[in-house]
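Participant: Dropping a structure here in structure tokens format, bear with me for questions.
The values are calculated or read from the model by the stated rules, or taken from the named source; none is laboratory data. Here the structure is a predicted model, which means the values were calculated and not measured. With ideal geometry, Cβ positions are generated from the backbone for all residues, glycine too; neighbour counts draw on all protein chains shown. With ligands, DNA and RNA removed, areas are computed over all heavy atoms of the protein, side chains included. Shrake-Rupley method; radii C 1.70, N 1.55, O 1.52, S 1.80 Å.
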Amino acid sequence: MKIANLFKIVIIYFLVILTLVILIFPYYWVFISSFKSTIEIATEEPRLIPRTFTLKHYEDLFGLTYKFHHYALNSLIVSIPVTIISIFISTLAAYGLARGRIKGKRAFSNAVLLSYLTEPSMLVVPLFFIILLFGLYNNLLGLILTYPIITIPFCIWMLREFFVSIPIEIEEAALVDGANRLHVLTKIVLPLAAPGIFTAGIWSFVTAWNEYILALAFIAGLENWTLPLGLASYVAVYDIDWGLVSAACFLYGLPALIVFAPLTKYFVKGLTLGAVKR
Amino acid sequence: MTKINYDYLLIMPAILWIAIFLIFPFFYVIINSFIYKNNVTLNNYITVFQTPRFYSSLYRTFLWTIGNVIFQLGLGLGLAILLNQNFKGVSAVRSLMLIPWLSSNVIVALQWKWIFHGTCGIATKLLMDLGITSSPISFFAPNVALLSCIIVNVWRWTPFTALVFLAGLQVIPQHLYESALIDGASVFQRFLKITLPLLKPIIAVWALITFIRTFNGFEIVWILTGGGPGEATLLLPIHMYTTTFLLGRFNEGSAISVLMTLMSTIFMILYVRMAQRSEQ
Amino acid sequence: MSGEKPKGKISSSLIVAVVVIIVLLAALVYYATLPPKVEVVPTTVAIPTTIVTTAVPSTTVITIPTTVTTVAVTPMTPTPEKKEIIFWHCETPPLRVQRVEAVIRSFEREYPWIKIKQVPIGWDAIYSKLDEAIKTGTQPDVIQTIPALALYLYHAEQLLEVDDLVKEIDGKYHYAKEQLKMHYWDGHYWSVPTEAITLFLSYRENYIKEYAGYDRPPKTWDELLDMVKKCTRDIDGDGKIDIWGINVPITRSLATDEWFWQQLAVNNGEVFLDTQVVLDSPQAVEALKFYLELRKYCPPGSENWGWAEQNLAFASGKIAFNFNFGGALATIAEYGELAKYVKGCPVPIPKGGRRVALSFGYGMGILKKAEERGTVDAVKTFIRYIMDPANYGYWLNRQPGLFLPITEEGEKSPSFWADPVVMKFRPIVELCINETREHAGLWGFMGKETSKMVYLIESTHYLAEAVAKAATGEMTPEQAIKWAAEQFRLEMLKH
């Protein structure tokens, strides 16, 4: 019996380590490549432990040539308003769907769920026409207005679950005490749902930060490029420096990881709630 | 005395936003797909259906989607079971599963493009060092390019899939397993008779979501191969993108986009029908 | 469920995350608002006789000294009206954008009433972006063109004829005749020729000597094939091939269009001649077969490669030969030791073939939009500024070694020869200038009249697609050529 258990534990640890290696290796590879000199990358055998060490790629990124900071600023200019808009709209709608006396609540909830299934590539042509119609081509505002469509469905869905799981007695008690609905929402429910709202906000931010195809279609010149576009351009037409591309990948992915790290537990829990409701 | 129901105000912003930026554009694009040189005509659709590339990319997209769904679901389920075990550091490992999902498609594609690089890449070197191949292999040769893309996409989505399945696994009551164990059921029987049936709803829904997402997937393949050597990885969304934005044929592109959305919707409906029927 | 839910306490790790974001934000704002580093070049530029071997630093911004000017501004004239010019061009690599900015700033210092805004747009996107601009009325005032782009704009009735300016510059600086052809059709000049880029074959002297046994570069197709074959080998004895002969692209891109057309042209073939599609010819099939032969000696993974990867492979010594525009020279220069052996030669020709070097005549197209906005004179001032030999070199060297002078006076421009990369590869640059002057050829301009539909090659990439189809085995070379010819004919009917 003990040997069978030991065997099982060994297998489990082996598989876990194998999985972690497969998952983490690409990031490790990109991380060390960003410190290798261009000459080592291009002319020598790829090594797991780098032979040379240089910060040149990171310096180049922030120089006038590659303007990483410029694209990052554009990405922030888009992501932050999108997050705010998403949170605002989703919170209101989710609360309305959870507690409001609205005809067709179920239908609307299901419609929201359905729109979660839309992929940005389905939306690129329809939204492109809207962009042209409103004269927002090559304008970051165009992105700010269209990204919420991608983020809102999921946020409404998730926040609705959160609101529904707050005991209704708390709200009813407040209503009995004479508070109106808005009061109940802001003073009582929101603080309780804060983790959910934060999660929705961070998720919206990460989605907007990572979005590529809409930006590719709606933005023309270098000036207004967001980070994904800039990154893709480093794998450039005339010149490729894989060390630089690696450095850019690492820096680009870092904020999303840092920002999301404390929320992983909440997120996994949120998935649990959502999955069960099905 | 009628009291104004302020609750509707709560959902108004969402409805407005979706109406302006989702519903309206969709109608606009549908109308546009029927317009060619200022006349209302089926011309765009005829052109689309007469392009051989439409059919070849559709076929390739099916291959790509089915391959992805099978691997993601299969590996995801296995990974979920692994993550459901109780070992030291299990919650840390579960959190780590989110990393590929958090990374942008652009990063994932660039990382793997670099790893799969023909002359400076680590993948081909590792394969040679491990003795699996004797000469550098090209991951983007016409006959393997699509497989390489599938590998990357599976890598990206399997961990998240595993987390979704994990959530489902954790809800299965332990006592079911215990009573099965008492009845003398083996590991496999427990899996087949308890785990799978109880997970079926989640697997079914997630399969649909994965299918739709993969069918419409653009970014990873675009950055990895741009459509691949020749047409090896030219998927339908890529065909749509090149027609609309690189060749400038907006109306034809609208037609393709409408067809893509239509196909996705039909899949959804068929799937839900099938699921409902199997429940009866 | 509700028992497990966190009670609304904001964890400390969340606060850390927010602080990190704020710090990142602050850093970004700081970097974005940093004034650019500016280096001042001494006012007299002497041409050194020793070759400098330092790599080209990528963050140098060169300012053009303002004392070297040939335009006199009389103090009595009132300040002219302020003009803003929108200038589109397709040179998106950051180095080029940066150097264009430097030239623009120097120009604006000399002509403070003119402001120029450059908008770099990738070659892949330029046609559709122009389409959209025309539809929405947001065209630029001036655009840098290659002949196909100019033809495209001409068809869309967007260009102004520029005969006067061309004659003026020709009178002052004397254009090379072959280059003028590329901007002339229907009785007028539609873009002002400014420079050219020309294809040549670069090779590694030490490889062909050691591995193929040749003391001189290849002159014919047979010689090239022989050398390419012999240079694909294992050089460190570990049983794996380490270097390959050459790379020729098969992606659906301009690179493939160009590389293949070059072989087609030297083999007496063409795509468009006068008003006909003449692609389906035995010469084209021969050229494609030769191209596919070369593919056998290309590195793994190169099915996906465009210019960038190819140039990297050559610069790092992985391939022995590389067809090139001079744009790769800056990258090659960064590889110190390896760069020593890089030499150039004219494109090899088959038996009975002709000496042709693919050459794109760059020019400036002035759009009717400029007339609307009253900026035509401002644009012409800018064009005169960059064609002036005192400034010409700085303009050309936004990518050193790539852009070549096309006027007699311009060839003598000291600022051109002073660039470190140009100095390092002087023989190659001189070869290119010679090929530009004597053997320049471009699709659509090889016949008696200009083939005005030739922009189709670049906007549809059917030529590249035919190469890809044959290379992946989807079609035989004969079928692929036939298919491409048919596609081109269909497109011509549509327009």
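Participant: Between B:N251, B:N153, B:N38, which gets the highest mean-square fluctuation from a Gaussian network model of chain B, Cα cutoff 10 Å?
Facilitator: B:N38
Participant: Whenever you get a sec, line up B:E252, C:E157, C:E84 from highest to lowest accessible area (probe 1.4 Å, protein heavy atoms).
Facilitator: C:E157, C:E84, B:E252
Participant: Students often check this: by mean Cβ neighbours within 10 Å, which of C:456-462, C:321-327, B:22-28 ranks highest, and how do the rest follow?
Facilitator: C:321-327, C:456-462, B:22-28
Participant: I want to check the label-to-label distance for B:N5 and B:Y177. Put each point 7 Å from Cα in the C-beta direction and report it in nm to one decimal.
Facilitator: Going from the B:N5 label point to the B:Y177 one covers 4.6 nm.
Participant: Given the protein chains as shown and a 1.4 Å probe, how many square angstrom of C:K296 are accessible, to the nearest 10?
Facilitator: 130
Participant: Any chance you could run the full-extension gain for C:L490 through C:D170? It's 0.36 nm times the residue separation minus the Cα-Cα distance, nm to one decimal.
Facilitator: Stretched fully, the C:L490-C:D170 segment lengthens by 111.3 nm.
Participant: I'm a student and want to see the number: the projected area of the Cα convex hull of segment C:281-427, averaged over all directions, in nm².
Facilitator: Mean projected area for segment C:281-427: 12.7 nm², to one decimal.
Participant: Carbon and sulfur together cover what percent of the accessible area of the protein assembly as shown at a 1.4 Å probe radius?
Facilitator: 64
Participant: Ignore the peptide's own chain and count Cβ atoms of other chains within 10 Å of each Cβ in A:151-161; give me the average, rounded.
Facilitator: Partner Cβ neighbours, averaged per residue: 1.
Participant: Hey, got the average number of other protein chain Cβ atoms within 10 angstrom for residues in A:210-216?
Facilitator: 5
Participant: Turning to a different aspect of this structure: Any number yet on Rg/Rh for segment A:23-67, C-alpha, Kirkwood?
Facilitator: 1.01
Participant: Tell me the Kirkwood radius of segment B:133-280: reciprocal of the mean inverse pair distance over distinct alpha-carbon atoms, in Å.
Facilitator: 18.7
Participant: Probe of 1.4 angstrom, ligands and nucleic acids ignored: what's the accessible area per residue over segment A:98-244, in square angstrom?
Facilitator: Solvent-accessible surface per residue comes out at 34 Å².
Participant: Also, I was wondering about something else. Rolling a 1.4 angstrom probe over the protein heavy atoms, how many square angstrom per residue are accessible across chain B?
Facilitator: On a per-residue basis, 45 Å².
Participant: Among A:G135, A:G243, A:G96, which one shows the highest mean-square fluctuation when chain A is modelled as a Gaussian network with alpha-carbon springs under 10 Å?
Facilitator: In the Gaussian network model the winner is A:G135.
Participant: Separate question: Rounded to whole Å, give me the distance from the Cα center of segment B:31-66 to that of segment C:363-389.
Facilitator: Going from one Cα centre to the other spans 42 Å.
Participant: With axes computed from alpha carbons, what is the tilt in degrees of helix A:2-33 against the longest principal axis of chain A, rounded to the nearest 10 within 0 to 90?
Facilitator: Approximately 70 degrees, to the nearest ten.
Participant: Mind grabbing the accessible area of C:C345 for me, 1.4 Å probe, Å², rounded to tens?
Facilitator: Approximately 10 Å² of C:C345 is accessible to the 1.4 Å probe.
Participant: In whole Å, what is the distance between the alpha-carbon centres of segment B:79-158 and segment C:196-237?
Facilitator: 37
Participant: Just the number, please: percent antiparallel of the DSSP beta bridges in the protein assembly as shown, rounded to the nearest 5.
Facilitator: DSSP beta bridges in the protein assembly as shown are roughly 65 percent antiparallel.
Participant: A further question follows. Working with all protein chains in place, sort C:D131, C:D141, A:D177 by solvent-accessible area computed with a 1.4 Å probe, largest first.
Facilitator: Most to least solvent-accessible, the answer reads A:D177, C:D131, C:D141.
Participant: Kindly provide the helix-only [θ] at 222 nm of the protein assembly as shown, computed as the sum of -39,500 (n - 2.57) over DSSP H runs of four or more divided by all residues, to the nearest 500 deg cm²/dmol?
Facilitator: -18500 deg cm²/dmol
Participant: So, one more: Using a 1.4 angstrom probe on the protein heavy atoms only, line up C:D274, C:D164 by accessible area, largest first.
Facilitator: Ranked from most to least accessible, the order is C:D164, C:D274.
Participant: Give a quick list of chymotrypsin sites (Phe, Trp or Tyr not before Pro) in segment A:47-99 that DSSP marks as loop, anything other than H, G, I, E or B, with at most 11 other Cβ atoms within 10 Å.
Facilitator: A:F53
Participant: Rounded to the nearest 10 Å², what accessible area does C:M475 have for a 1.4 Å probe in the complete protein model?
Facilitator: In the full protein context, C:M475 sits at about 40 Å².
Participant: Can you give the Rg to Rh ratio of segment A:64-115, both from alpha-carbon atoms, with Rh computed by the Kirkwood formula?
Facilitator: Rounded to two decimals, Rg/Rh equals 1.31.
Participant: Right, another one. Evaluated at 20 °C with a viscosity of 1.002 mPa s, what Stokes-Einstein diffusion coefficient in µm²/s does the protein assembly as shown have when Rh comes from the Kirkwood expression over alpha-carbon pairs?
Facilitator: 68
Participant: Now a separate question. With a/c under 1.5 counting as rounded, go ahead and sort chain B into rounded, prolate or oblate using the C-alpha gyration tensor (a ≥ b ≥ c being the square roots of the eigenvalues; past the cut-off, prolate if a/b is larger than b/c, else oblate).
Facilitator: Cα axes put chain B in the oblate bin.
Participant: Could you tell me which of rounded, prolate or oblate describes chain A, using a ≥ b ≥ c as the square roots of the eigenvalues of the alpha-carbon gyration tensor, with rounded for a/c under 1.5 and, failing that, prolate when a/b is larger than b/c and oblate otherwise?
Facilitator: oblate
Participant: Averaged across orientations, what area in nm² does the convex hull of the alpha carbons in segment B:1-154 project?
Facilitator: Seen from a random direction, the Cα hull of segment B:1-154 projects 19.3 nm² on average.
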